[in-house]
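Reading through the structure tokens given below for one structure.
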Amino acid sequence: MSPVVCELRLLRESIEDSLDRQRVDTNLGRGVYGYVGALIRLVEDGDRDPALALNEARSAAGFLHAVPRLPDPRPRAWSAR
């Protein structure tokens, strides 16, 4: 296994850990987790330049950690008119 694939897998695991500990927004985190997983598969298949994929994954993870965790949606109080 190439060192880049190992780094991508470690990055994906750190995103999963952040999701489990609720440090990042759940919706964004799931999307970034899936995106990094897709980059891993592309690199393994030889369809993506490993250095480019690693930069893209790092950028996505950096964005995920830069965005504040959004509050849970509150139900609307409907009036009974």
Practice problem: Determine the equivalent ellipsoid of the chain by diagonalising the alpha-carbon gyration tensor, then write out the semi-axes as square roots of 5 times the eigenvalues, largest first, rounded to whole Å. | Solution: 34, 12, 10
Practice problem: Just read off the accessible area of residue 59 with the full protein assembly in place, 1.4 Å probe, to the nearest 10 Å². | Solution: 80 Å²
Quiz prompt | Å² of accessible area per residue within the chain, as computed with a 1.4 Å probe and no ligands counted | solution = 73 Å²
Practice problem: Kindly provide the helix-only [θ] at 222 nm of the chain, computed as the sum of -39,500 (n - 2.57) over DSSP H runs of four or more divided by all residues, to the nearest 500 deg cm²/dmol? | Solution: -23000 deg cm²/dmol
Exercise. Please give, to one decimal in nm, the separation of the simple spin-label points placed at residue 74 and residue 49, each 7 Å out from Cα toward the Cβ.
Key: 4.9 nm
Quiz item: Of all the accessible heavy-atom surface of region 1-64, with the other protein chains kept in place and a 1.4 Å probe, what percent is carbon and sulfur?
Solution: 50 percent
Quiz prompt | Local net charge near residue 65, Cβ-Cβ under 13 Å (Lys/Arg +1, Asp/Glu -1) | solution = +2
Quiz item: When the Karplus curve 6.51 cos²θ - 1.76 cosθ + 1.60 is applied with θ = phi - 60°, which whole-Hz ³J(HN,Hα) does each residue of region 59-66 get, with x for Gly and Pro?
Solution: 5, 5, 5, x, 4, 4, 7, 7
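The values are calculated or read from the model by the stated rules, or taken from the named source; none is laboratory data. Predicted model only: the values in this text are computed from it and were never measured. Cβ coordinates were reconstructed from backbone atoms using ideal geometry, including for glycine residues, and neighbour counts include every protein chain displayed. The protein model used for the area step is the full one, side chains on, heavy atoms only, and it has no ligands, DNA or RNA in it. Shrake-Rupley method; radii C 1.70, N 1.55, O 1.52, S 1.80 Å.
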